[in-house]
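First comes the structure, then the notes that go with it.
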Amino acid sequence: MIVILGPTASGKTQIATRLASRIDGEIISADSRQVYRRMDIGTGKDLSEYGNVPYHLIDIREPGTKYNLFQYQHDFRIAYDDIMSRGKMPILCGGTGLYIEAVLKGYQLAPVPENPELRKQLQGKTLEELTDILKDLKRRNGSEMHNTTDVDSCQRAIRAIEIETVAGHRSIQQVPDPAILSSPVFGIAIDRELRREKISRRLRARLDEGMVEEIQSLLNEGIAPDDLIYYGLEYKYVTLYLTGQMSYDEMVRELEIAIHQFAKRQMTWFRGMERRGISITWLPVPQNEEQMQQTIEFIIHNA
């Protein structure tokens, strides 16, 4: 398998699809939100970039449902085995570092069911109070809170507390697949200022393409606002705007800041992966067709 990762707006999907077309590969998405159907513009699926390249783990769940790492690992293995059985090359591409790291290291997780009693105890607490509870649990479990999207909303924070409560009473078994563990990992390194520019430009393009209307249609389907807010970023802020909790200008401003912060957290996670023993070969963002070809050739010859 070949892994291509990078922060949002780094252009990793275009590189992965170009690579796949050259080596008869298929893309396995490593994006925690692109699994949802009809959440296209807000999650940046950019399906037109795939052309004839087959892709997996996109559009596999209904909006309003919850998808987690345990489910992803299960679905990844099915997709990976399917691609390998047909003699194709799997290319894992995305920006959800937790998913990528769990796949590479072979974490074996048990599903965490809902805990009605715990949820009843937490009901009515503020987001700040829930965040403090989660931080304290993680501290006692010997971990840190890297993923602040866990506390984007009270609903997400309660679920994170639920999971962390169970995590404190079980160990995570690591059973790496030697073939997957040896997968070369390429990271798309984008200059901070260029990344900020691309994020801002892409946000405005998505608003022009109908992102607000897309999220309004999900609300019209009967999906609860809290369920959309749970998904964070675009779905959180646009839903807050559509339900009258902030103005349009506030929504755009706050969302842009949140996406910049999210990209920074992604890079922090990737650097953490390197400290935890995963070697990443960082490649600059191609600025033209010639550089794109050079990037593809480099990956092919170093994979």
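The values are calculated or read from the model by the stated rules, or taken from the named source; none is laboratory data. Fair warning: this is a prediction, and the values are worked out from it, not measured in the lab. Positions of Cβ are generated from backbone atoms using ideal geometry, with glycine treated the same way; all protein chains shown enter the neighbour counts. Keep in mind that these areas ignore ligands, DNA and RNA; they rest on the heavy atoms of the full protein, side chains included. Shrake-Rupley method; radii C 1.70, N 1.55, O 1.52, S 1.80 Å.
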> Which of (1) out of contact with any Gly (no Cβ under 6 Å at 6 or more places or on another chain); (2) assigned to a helix (DSSP H, G or I) is the odd one out, the single condition ILE278 does not satisfy?
Replying inline: (2)
>> Which count do you get for residues in region 241-259 that are without any contact (Cβ under 8 Å) to a residue 24 or more places away in the chain, assigned to a helix (DSSP H, G or I) and open to solvent by 30 Å² or more (accessible area, probe 1.4 Å)?
In response: 6
>> Taking the conditions exactly as written (free of Cβ contacts under 8 Å to residues at least 24 places away in the same chain, in contact with a helix residue (DSSP H, G or I) (Cβ under 9 Å, 6 or more places away or on another chain), part of a helix (DSSP H, G or I) and of a type in the set (A, V, I, L, M)), does MET273 satisfy them or not?
In response: no
>> Looking at the structure I just gave you, is GLU209 touching a residue at least 40 places away in the same chain (Cβ under 8 Å), loosely packed, with under 14 Cβ neighbours inside 10 Å and within 22 Å of the chain's Cα centre (by Cα)?
In response: yes
> of a type in the set (D, E, K, R), open to solvent by 20 Å² or more (accessible area, probe 1.4 Å) and under 18 Å from GLN34 (Cβ atoms) - does that describe any residue in region 223-237?
Replying inline: yes
>> Given (1) at negative phi; (2) within 17 Å of the chain's Cα centre (by Cα), identify the lone condition not met by GLU114.
In response: (2)
>> Here's a check for you: in region 163-187, which residue that is surrounded by fewer than 19 Cβ atoms within 10 Å (Cβ to Cβ) and charged (D, E, K, R) is modelled with the highest pLDDT?
In response: ASP177
> Residues in region 76-105 that are under 23 Å from ILE163 (Cβ atoms) and in contact (Cβ under 8 Å) with a residue 24 or more places away in the chain: how many?
Replying inline: 13
> If you scan region 260-303, which residues turn out to be crowded, with 18+ Cβ neighbours inside 10 Å and among the small types (Gly, Ala, Ser)?
Replying inline: ALA263
>> It is to be established whether one or more residues within region 248-267 are modelled with pLDDT of 95 or more, among the hydroxyl-bearing types (Ser, Thr, Tyr) and more than 20 Å from the chain's Cα centre (by Cα).
In response: yes
> For region 170-203, what are the residues that are in contact with a helix residue (DSSP H, G or I) (Cβ under 8 Å, 6 or more places away or on another chain) and farther than 25 Å from PHE298 by Cβ?
Replying inline: GLN174, PRO176, ARG196, ILE199, SER200, LEU203
